[in-house]
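Let me begin by presenting the structure, written as structure tokens, before commenting on it.
Derivation of every value follows stated rules applied to the coordinates shown; laboratory data play no part. The structure displayed is predicted, hence computed values, not measured ones. FYI the Cβ positions are ideal-geometry reconstructions off the backbone, even for glycines, and counts take in every protein chain you see.
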Amino acid sequence: TNGCSNGKVARPAVPEIKFTKLFINGEFVNAVSGKTFETRDPRTGDVLARVAEGDKTDVDLAVKAARDAFEHGKWPRMSGYERSRIMNKFADLVEQHTEELAALDGADAGKLLLLGKIIDIPSAVQMLRYYAGAADKIHGEVLRVSGKYQGYTLKEPMGVVGVIIPWNFPTMMFFLKVSPALAAGCTVVVKPAEQTPLSALYYAHLAKQAGIPDGVINVVPGFGETAGAAISSHMDVDSVAFTGSTEIGRVIMEAAARSNLKTVSLELGGKSPMIIFDDADIDMAVNLSRLAIFFNKGEICVAGSRVYVQEGIYDEFVKKAVEAAQDWKVGDPFDVSSNMGPQVDQVQFERVLKYIEHGKSEGATLLTGGKPASDKGYYIEPTIFTDVKEEMKIAQDEIFGPVMCLMKFKTVEEAIEKANCTRYGLAAGIVTKSLDVANKVSRSVRAGTVWVNCYFAFDPDAPFGGYKMSGFGRDQGMAAMDKYLQVKSVITALPDSPW
Ligand code: ADP
């Protein structure tokens, strides 16, 4: 064990790794270059598997397969009902492999096995079924055209979609993008993050078993600057759906602009405020704020990283928040008593520790945590800073780790102003018993999702995405279908008509 699980022996539980090659046109293949790269187990830093390393040449092959499947294959042409049936079968297969898939993401990304089984994999299954239900309900409108014409719109699949995703939720990210794209009749080339390529390859295998035709889903693991850039700058990719950092979102949009002006949707960073008012149930507020920042070790774009507490309950909140953080158990993600596993890799581990040093040197007060939680693996203690000022780096940058910044406010107006004092706008949390306060703040915060007296309450039907530099375009909900559909207006001349 890593030595920080207080007693319980963690199962080694590294799952058998079956798929490590690129998946192109329905086959697992080596990279043309023959190169491979390592993916590591963040619990130990040891190599978990060597995976085929796709680059531009392999992306070209994958795009060609996706193009052929789109132009000539059955998938875009079959009825929505048929697509729906196959997608439901795909969902059933994912569900049947829940245990194994949760273990795969657990070992590859350091995610809690238990939560993988009850959240990540079931949510992905639900997402697939939600969009399977949409596949036979895609239709346009009859237009009110003046003159002797009739008009209607057709919703047509966008074409070949490039999907570039991060490592924090390898499974959810895959299905957030792939499910609506499939429902729309698109074909996809997915580049999973280099840190966590394993589950995406498994999904490609299950998709084939479910009857998704060859070329419809292609998966090319590899690095951002090579495989990722080849997708975003490809002349034959119609759209890119991206989740990741704001910095790389900008690079992708530039590449799209310079190449073929493909459409782009970007779900980027966040620095989401959690706003707690005097009338809140304080224990509930402490629990929610702890969850909001320490869930998935803070590696979540909607992490509630800035906690604003009204002055009347501030001192009590601080005391309880520190106790709650100290009670949040860091340990092997395969141990059911752990609340939080290791950061995904050494780069993130060092990055988070550097931010903690920044916090200290900028004059914030470190209340708890602030250090590695083990001498092995990438574990970091749940960390809380207070006396944080809006202009400090730790209050402005997305840390992507278990670091809470606590701040005090007096009035509702001040809370709104401070909450909006960020370049990001992904999510916000509000804890209050007042309906008026909840309504006022919900409507004033510039963020794509607002959670009132809850946090992380995701649902496939709730559109999710950013304001400001958190990006644009929506995942989830019927709104996400728009990213994968073209709208065509068809206008037909009419003979004389009484209407
Ligand atoms: P994070 O900081 O969370 O690792 P990134 O934005 O760096 O997020 O990475 C998210 C995804 O974008 C990964 O799949 C990564 O490989 C990919 N990526 C990184 N750089 C580029 C790039 N220049 N072009 C295209 N994709 C990239």
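Would you be so kind as to identify which of G211, S272, A285 lies farthest towards the positive end of the dipole of the chain, taking Lys and Arg as +1 and Asp and Glu as -1 on Cβ and the Cα centre as origin? It is G211, whose Cα lies furthest towards the positive end.
Cβ under 10 Å from N296's Cβ, N296 left aside: what net charge do those residues give with Lys, Arg +1 and Asp, Glu -1? With Lys, Arg at +1 and Asp, Glu at -1, the neighbours total 0.
Counting only DSSP beta bridges with both residues in the chain, tell me the antiparallel percent, nearest 5. Spell out each step's value before the answer.
Numbers: 28 of 66 bridges.
Here the share of antiparallel DSSP bridges comes out near 40 percent.
The range 182-227 and the range 33-69 have Cα centres lying 11 Å from one another. In a fully extended conformation the segment linking K371 and D68 would gain 103.9 nm over its present Cα-Cα distance, using 0.36 nm per residue. Bridgeable lysines around K262 (alpha carbons under 25 Å apart, same-chain partners fewer than 8 residues away excluded): K56, K64, K74, K155, K177, K191, K468, K483, K488. Between K18 and N260, the FRET efficiency from the beta-carbon distance, with R0 = 35 Å, is close to 0.45.
For Y355, neighbours were defined as the other residues whose beta-carbon sits under 14 Å from its Cβ, and their charges (Lys and Arg +1, Asp and Glu -1) total +1.
Here the dipole of the range 90-160 is about 620 debye; that uses its Cα centre as origin and unit charges on the Cβ of Lys and Arg (positive) and Asp and Glu (negative). Each residue of the range 476-487 was assigned a 3J(HN,Hα) from its phi angle through the Karplus curve 6.51 cos²θ - 1.76 cosθ + 1.60 (θ = phi - 60°); the sequence is 6, x, 5, 4, 5, 4, 4, 5, 10, 10, 9, 10 Hz, with glycine and proline shown as x. Based on Cα contacts under 8 Å between residues 6+ apart, the chain shows a relative contact order of 19 percent. Helices assigned as whole DSSP H runs in the chain whose Cα atoms extend at least 20 Å along their own long axis and whose mean Kyte-Doolittle hydropathy is 0.5 or higher are found at 170-184.
Centre-to-centre, using Cα atoms only, the range 305-381 and the range 107-176 are separated by 34 Å. Since only I394, A69, G298 are under comparison, the one whose Cα sits farthest along the positive direction of the charge dipole of the chain, derived from C-beta charges on Lys, Arg, Asp and Glu, is A69.
So for each of 388-396, 422-430 I average, over its residues, the number of other beta carbons within 10 Å; can you give me the resulting order with the highest mean first?
On the way: 388-396: 16.6, 422-430: 25.3.
Taking the mean over residues of other Cβ atoms within 10 Å, the ranking is 422-430, 388-396.
Applying 0.36 nm per residue to the separation of K329 and E391 and subtracting their alpha-carbon distance, the gain on full extension is 19.2 nm. Between amide H atoms placed 1.01 Å from N, distances below 5 Å from F409 occur with V309, Q310, E311, all of them 5 or more places distant or on a separate chain. In a simple Cβ point-charge model (Lys, Arg +1; Asp, Glu -1; nothing else charged), the range 279-372 has a dipole of about 300 debye relative to its Cα centre. In a reduced charge model with +1 at each Lys and Arg Cβ and -1 at each Asp and Glu Cβ, the chain shows a dipole moment near 820 debye about its Cα centre.
Put in order of Cβ neighbour count within 10 Å, fewest first, the listed residues M78, M235, M158, M284 become M235, M284, M78, M158.
Relative contact order of the range 392-478, taken over Cα pairs closer than 8 Å and 6 or more residues apart, is 25 percent. The ratio of the alpha-carbon radius of gyration of the range 408-499 to the globular-protein estimate 2.2 N^0.38 Å is 1.62. Think of the range 393-499 as having a plus end and a minus end, set by charges on the Cβ of Lys, Arg, Asp and Glu; of M478, S442, V403, V403 sits farthest toward the positive end of this dipole.
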